[in-house]
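Have a look at the structure below before the remarks.
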Amino acid sequence: MLRKNHIDWPLLWSAIKADLGIMLTMLCVGIITTAVGGGIFYVDFGDWGAMIAGGFFALMGAGLVLLAIVTTYSGASYLYGQALLRKHGVEVDGVLTKKEADCQFHQEYDHRNEPQGEGHYQCNLLIEFDFQFDGQNHSGAFYLSKLATFDKLQEGDPVPLKVLRFDPSVHKVRERRLANILKGREPQMPSLVPEGAEISQLV
């Protein structure tokens, strides 16, 4: 994610440690499952039933190992980026170019395939923006967590950002500052988000 000469090793280790317990658990379970499955496949080679069962366990274990690695990398990358922003971030202003509510309807069903309850919408509040940093033009996107802020935004509005000094591709919206800027403005009507929808907390 960052150039090698800008790696902050203490921050990186802190980000890795945050998910280390879960990663090690998944890794151990995956390795054990793979070993057991591989052992069954090898010892009972020729017995198709045992070979299929052993192969299934081995593949499931390998999948857990891969999932542990991917999940840990993704989580650590995000936490490391956020830690770097807190330590090395620079405050700049961007300009809103687009806002979009991606809403999906969710409905639960019972064992007879009958709907339970009225269902609900779950929405992702995406905003896109342009900003200048160090004499160059950049663009970015961010998922807001507050519907009230999202509804008040209009294209062309200033968007307060925190940008990593040596890698502007790492940035985030300063949501509290943005909410203060929009204080007193009436929200857009009608809202792009269905009434009562749940707002996803994406990163």
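The values are calculated or read from the model by the stated rules, or taken from the named source; none is laboratory data. If you're wondering where the values come from, they're calculated on a predicted model, not measured in any experiment. All Cβ positions, even for glycine, are placed from backbone atoms using ideal geometry, and neighbour counts span all protein chains on display. Surface accessibility is based on the protein's heavy atoms, side chains included, excluding ligands, DNA and RNA. Shrake-Rupley method; radii C 1.70, N 1.55, O 1.52, S 1.80 Å.
Key figures for this structure:
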| item | result |
| --- | --- |
| Förster-model FRET efficiency, 45 Å R0, Val36 and Arg185, C-beta, rounded to 0.05 | 0.15 |
| Convex hull per residue volume in Å³, alpha carbons only, for segment 90-199 | 114 |
| Lys146, Lys162, reordered so the largest accessible area comes first (probe 1.4 Å) | Lys146, Lys162 |
| Fraction of accessible area attributable to carbon and sulfur, the chain (%, probe 1.4 Å) | 58 |
| Potential extension, Tyr121-Gln104 segment - 0.36 nm per residue separation minus Cα distance | 5.6 nm |
| Accessible area in the full protein assembly, largest first, 1.4 Å probe, for Phe45, Phe142 | Phe45, Phe142 |
| Cα-based reach from Lys17 at 15 Å (exclusive), listing aspartates and glutamates while leaving out same-chain residues under 8 positions away | Asp8 |
| Those aspartates and glutamates that a straight Cα-Cα span of less than 13 Å connects to Lys99, excepting residues fewer than 8 apart in one chain | Glu128, Asp130, Asp151, Glu155, Asp157 |
| Dipole in debye (nearest 20) - segment 90-199, about Cα centre, beta carbon charges: Lys, Arg +1; Asp, Glu -1 | 560 |
| Distance histogram for the chain (every C-alpha pair counted, 10 angstrom bins, percent rounded to whole numbers) | 8, 22, 22, 23, 15, 8, 2, 0 |
| Per residue value of the accessible surface for the chain (all protein chains in place, 1.4 Å probe), Å² | 64 |
